[in-house]
Structure formats: C-alpha cells, structure tokens
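These notes concern the structure reproduced below.
The values are calculated or read from the model by the stated rules, or taken from the named source; none is laboratory data. Just so it is clear, the model here is predicted, and its values are computed rather than measured. Here Cβ is always computed from backbone atoms with ideal geometry, including for glycine, and neighbour counts include all displayed protein chains. Accessible surface is based on the protein model in full, side chains and every heavy atom, while ligands, DNA and RNA are left aside. Shrake-Rupley method; radii C 1.70, N 1.55, O 1.52, S 1.80 Å.
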Amino acid sequence: MLAAMLNVDPLLHGIGLAGVAAQAAAAVLETGRKPFDMFGVVVVALAAALGGGSLRDLLLDRTVFWVADQSYLIAAMAAGVGAFALARVMVLPARLFLLPDALGLALFTVSGTQAALALGAPWLVASVMGVVTGVFGGIVRDVLCNEVPLVFSGELYATASWAGALLLVALGALDVARGPAALAAGGTVLAIRLGAMRFGWRLPMFSART
C-alpha cells in the first residue's frame, strides 16, 4: 500500500526492502567478529544497507530513497537489531555473513538497475548504477570493520553484479516482463556469487613485478 501511495513500482519497492534487510543482517554478522557495541553494530548495518542506494540516487540526482520512503530505514534497523539479537544467543560461523551479503548483492543489483532505467538512463549507465547499488554498501561496511573490501580482493563480486545488471538491461530491451527479468537477473548474480564462493572463481590478481 505504501508503495502505491508514493507512486513507486511495487516490485521495485519489495526488492529494495528485501535487499536492505539482507545487507543489514550481513553487516551485523560481520561486525560480530569485532568488539562493537549495539550502537556501533546498528551504524554499520545502516551504512551497509543504505550506502549503495544513497550513492546511486545522488549520482542520478533524485531524492535519496530512504529519505523519500522511511520504510527502507525501518527495514534496515529491524533487520540489524534482529540479527544482533540472534548473534547474541547463537554461535554463528564466521563467514555466515557472506550468504545474506550475496542475496543483498543480487537484490540491490536488480533494484539499482531498474531504478536507473526508470529514469531513462542509457543502458551502460543503468548497469553501472546497478553495480554501485550492489557493492558500495559492502565497501563501506568492510571499511568500518577495518577489513579489505570483498569487492577488491575476494571471489567474483562486482563482476557477478555487472553480469546480472547487463542481463536485466538486455531482457528489458527484448520486452521481457519485469518480474521474470528481475528473477533471471537476480538469480544470475546469486548463482555467480555463490559459485565463486564455493569454487574460488576470481579475476586475475595484480602483482607488481620486482
């Protein structure tokens, strides 16, 4: 109902809410390895969940999404606090955060690309906005946690996001319905990212010659 009141595509709104919640949870699970109090954990969760979409909206010169619709902020806070409570009563694997992070990457890639396309952005710009939305929050999260960002050093990450964004643009150009197109693009991002985590797929590493 809220999406309709704000004249927002319900599909895009739902994908965005799910992405915000997933990235907030992932951030909390990563900060569980650091000596942060609850306030610090929630700050990192909000930065991770809202950072990518905020940068996208600033670049596209539109109202920042969580300022226009506070349901995104509420979803991020609720997911962050919920994950914090869960982590305090259960012993969780150190790398568990990678699973909601992968889901958030897929959801944010789709929502970011669709948002840019809805504003009439060219296909290449739209795909880059999808990547920005997908990866920037994770970069902020890792920096705040004093970790090397996954996007710079780990298995395929931004590459997975860009592949999904380009697929979404291509399917849109072929007049594929938004729902199936979003599912195919998000599934592609998730499959590549999970495959990279499982099998160690990565781009060549830079090594300066001495």
Check: Is it true that some residue in the range 86-98 is hydrophobic (A, V, I, L, M, F, W, C), open to solvent by less than 30 Å² (accessible area, probe 1.4 Å) and assigned to a helix (DSSP H, G or I)?
Finding: yes
Checklist line | Exclusive hit being more than 27 Å from residue 156 (Cβ to Cβ) and part of a helix (DSSP H, G or I), set 78, 102 | finding: 78
Notebook entry, point to check: Among the residues of the range 141-187, how many are open to solvent by less than 40 Å² (accessible area, probe 1.4 Å) and either in contact (Cβ under 8 Å) with a residue 60 or more places away in the chain or on the phi > 0 side of the Ramachandran plot (or both)?
Noted result: 8
Notebook entry, point to check: Hey, does the range 61-72 have a residue that's in a loop (DSSP other than H, G, I, E, B), closer than 25 Å to residue 130 by Cβ and of a type in the set (Val, Ile, Thr)?
Noted result: yes
Notebook entry, point to check: In this structure, is residue 55 touching a Phe, Trp or Tyr at 6+ places or on another chain (Cβ under 9 Å), open to solvent by 30 Å² or more (accessible area, probe 1.4 Å) and assigned to a helix (DSSP H, G or I)?
Noted result: yes
Check: Pick from the range 60-82 the residues that are within 22 Å of residue 142 (Cβ to Cβ) and more than 17 Å from the chain's Cα centre (by Cα): which of them is least open to solvent (accessible area, probe 1.4 Å)?
Finding: 82
Notebook entry, point to check: Which members of the range 196-205 meet the condition of being open to solvent by less than 40 Å² (accessible area, probe 1.4 Å) and under 18 Å from residue 96 (Cβ atoms)?
Noted result: 196
Next item on the list: Would you point out the residue of the range 16-40, among those that are among the charged types (D, E, K, R) and within 25 Å of residue 161 (Cβ to Cβ), that is surrounded by the fewest Cβ atoms within 10 Å (Cβ to Cβ)?
Entry: 33
Check: Can you tell me which residues in the range 29-50 are assigned to a loop (DSSP other than H, G, I, E, B), within 15 Å of residue 82 (Cα to Cα) and either charged (D, E, K, R) or modelled with pLDDT of 90 or more (or both)?
Finding: 37
Check: List pairs: first in the range 72-83 and closer than 14 Å to residue 44 by Cα, second polar (S, T, N, Q) and open to solvent by less than 20 Å² (accessible area, probe 1.4 Å), Cβ under 8 Å, 6+ apart or cross-chain?
Finding: 76/23
